[in-house]
Amino acid sequence: MAASMDGTEPGPFELGPFFPDARAGEALLERAAALVAEGHRLEAVNGPLAAALRPLLVSMNACHASELDGRPLRPMDIESPGASGASLDTGPGAALALARAHAAAELALSAALPQRSVGLYAPEFVQCIHAELHRRPTSSEPRASADPSDDLANVSEDPKPASPAPSPRRKTSRAPSPSAAAFADAPGAWRRSPVDAARGARPDEISDLLDHWQGIYSKPFAPAPAIVAALCAGQRLLGVRPFERGNGRSARLHTHLALAALGVTQGLWSPLRAMAKDRAGYRQLLRRAIAAVPPRQREDARREALGAYATWLLDACLAESRAARERLDPKRLERRLLDLLAWLGARSWVIGSERSVIKPDALEALHYAAITGPVERARFIAMLGLQHRTGRRVLSSLIDCGLLVSDSSRAPVRFNLPWPSLRFLFPDVWSEAAASDDANTANPWPADARSAASGAHAISLEAHSEPESRSAAG
């Protein structure tokens, strides 16, 4: 996929090259076509199970974004209101606030994606992404070159800003006033502080460069070339470094949104996870993009670096897409649901004046709700094949633990995924949960996670791993 220009821009900062060379482009287009096909397969299995999983993945994406910033978080920290005990003026508190802002931004922007590529690559949309990510700033969040999300500013050993040489076409401007600096640091505002040309464009070039960036990547490409363009655009956007802080976070979310707009993710996987799984490889590829090379070799070296980055990320996206399709396989879900029901059945908890009742007989009805959709309560109880009173208690227990939810006490029930269930149903989604051993803890299914998933009030949950303990408790 050859660039439409010579790959260079006048001045100290070079925006291009915009695409890898033709030889690398052919291999990329083959991979991109495979990703388009995987997107169609995901769309075909986009049912109730996918709908239940999708909201959880938004929080997971925020955790991956935080991990890329060097600040690992757990998804339940984002979901749980009680996890905000750390001050926003501390590192953990600031990371948590940013992760929650990321989740809110992804939801809001995904619901209002531009319908045309010219809008998807508009500089105003890039500013909107940054503004949504930083709408709730924290006083301790690092600024400018110290920001851990400014990937290109942190992959070198000398990330300090450097004043550029005076432009022969423009007079050297004075340093911005404190009020101007504060404005430039506002969410969505272009950067006003100078940096070394290897780590970003001059402030007075940013607007024109991103107009040119939009013109290159918003062309009416076919699906496969459009995917290649989306990946390359993210790397070049990061190269411009248009904001004082949060450039890496903004560029990565733009890549996520661009792939979502192209219909390949279906909200069921994200390039953020692929990047976070190999953060060292991701940063190494960015180092290649700014490596110092002789001027005569610069364009070829940067085109090669862009091709390596796009190839690596496209392969990772393909792996994520295939994994997303496989985890929605009905047979796989049925086996894991049975394991989950057996685990819950051995660990009863208090519901009002009674104890929970979970039986393997619920497998067929629960699996049906996950694959087909909402089920009337009477029909769900009938599908259990148990006595009516026992069936009602099983239904009540499934609602209480969050595996079923309902809009009212008489409305149909629909399948749901509380966070603790991921350990059994989708262990590859949240590897930390799969690796943990909660069976011996006093509270293996947290009440706050259960109530957050079901909308019920928090209730006590007493876990008993041995049948004798349950009978003794009465």
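The values are calculated or read from the model by the stated rules, or taken from the named source; none is laboratory data. Because the structure is predicted, anything quoted here is derived from the model rather than measured. Because the Cβ atoms are built from the backbone with ideal geometry, glycine has one as well, and the counts that use them run over all protein chains shown.
Does any residue of the range 290-302 turn out to be in contact (Cβ under 8 Å) with a residue 60 or more places away in the chain, surrounded by fewer than 21 Cβ atoms within 10 Å (Cβ to Cβ) and small (Gly, Ala, Ser)?
Taking every residue of the range 290-302 in turn, at least one turns out to be in contact (Cβ under 8 Å) with a residue 60 or more places away in the chain, surrounded by fewer than 21 Cβ atoms within 10 Å (Cβ to Cβ) and small (Gly, Ala, Ser).
Checking residue 348 against (1) buried (at least 18 other Cβ atoms within 10 Å of the Cβ); (2) under 26 Å from the mean Cα position of the chain (by Cα); (3) among the small types (Gly, Ala, Ser): exactly one of these is not met. Which one?
Here residue 348 clears every test but (2).
Just to verify a result, which residue in the range 423-437, among those that are under 14 Å from residue 340 (Cα atoms) and modelled with pLDDT of 65 or more, is farthest from the chain's Cα centre (by Cα)?
Among residues in the range 423-437 that are under 14 Å from residue 340 (Cα atoms) and modelled with pLDDT of 65 or more, the one farthest from the chain's Cα centre (by Cα) is 424.
Applying the selection to the range 49-80, what residues are basic (Lys, Arg) and under 11 Å from the mean Cα position of the chain (by Cα)? Working first, answer last.
Step one: of the range 49-80, the residues basic (Lys, Arg) are 54, 71, 74.
The one that is basic (Lys, Arg) and under 11 Å from the mean Cα position of the chain (by Cα): 54.
Mind listing whichever residues of the range 268-284 are part of a helix (DSSP H, G or I), surrounded by fewer than 21 Cβ atoms within 10 Å (Cβ to Cβ) and not small (Gly, Ala, Ser)?
Listed by number, the residues that qualify are 277, 279, 283, 284.
Give me a count of the residues in the range 364-404 that are touching a residue at least 12 places away in the same chain (Cβ under 8 Å), of a type outside the set (A, V, I, L, M) and within 20 Å of residue 354 (Cβ to Cβ). Lay out the reasoning, then the answer.
Of the residues in the range 364-404, the ones touching a residue at least 12 places away in the same chain (Cβ under 8 Å) are 364-377, 380-381, 383-386, 390, 393-404.
Narrowing the set further to residues that are of a type outside the set (A, V, I, L, M) leaves 364, 367-368, 372-374, 376-377, 380, 385, 390, 393, 396-397, 400-402.
Among the residues that remain, those that are also within 20 Å of residue 354 (Cβ to Cβ) are: 377, 380, 390, 393, 396-397, 400-402.
Within the range 364-404, residues that are touching a residue at least 12 places away in the same chain (Cβ under 8 Å), of a type outside the set (A, V, I, L, M) and within 20 Å of residue 354 (Cβ to Cβ) number 9.
Which members of the range 327-345 meet the condition of being surrounded by 18 or more Cβ atoms within 10 Å (Cβ to Cβ) and not in a helix (DSSP H, G or I)?
Across the range 327-345, the qualifying residue is only 328.
Can you find, within the range 19-35, the residue that is surrounded by the fewest Cβ atoms within 10 Å (Cβ to Cβ) among those that are hydrophobic (A, V, I, L, M, F, W, C) and touching a Gly at 6+ places or on another chain (Cβ under 8 Å)?
Residues of the range 19-35 hydrophobic (A, V, I, L, M, F, W, C): 19, 22, 24, 27-29, 32-35.
Those still in the list that are touching a Gly at 6+ places or on another chain (Cβ under 8 Å) too: 19, 24, 28.
On the way: 19: 27, 24: 19, 28: 24.
Restricting to residues being hydrophobic (A, V, I, L, M, F, W, C) and touching a Gly at 6+ places or on another chain (Cβ under 8 Å), the top hit is 24.
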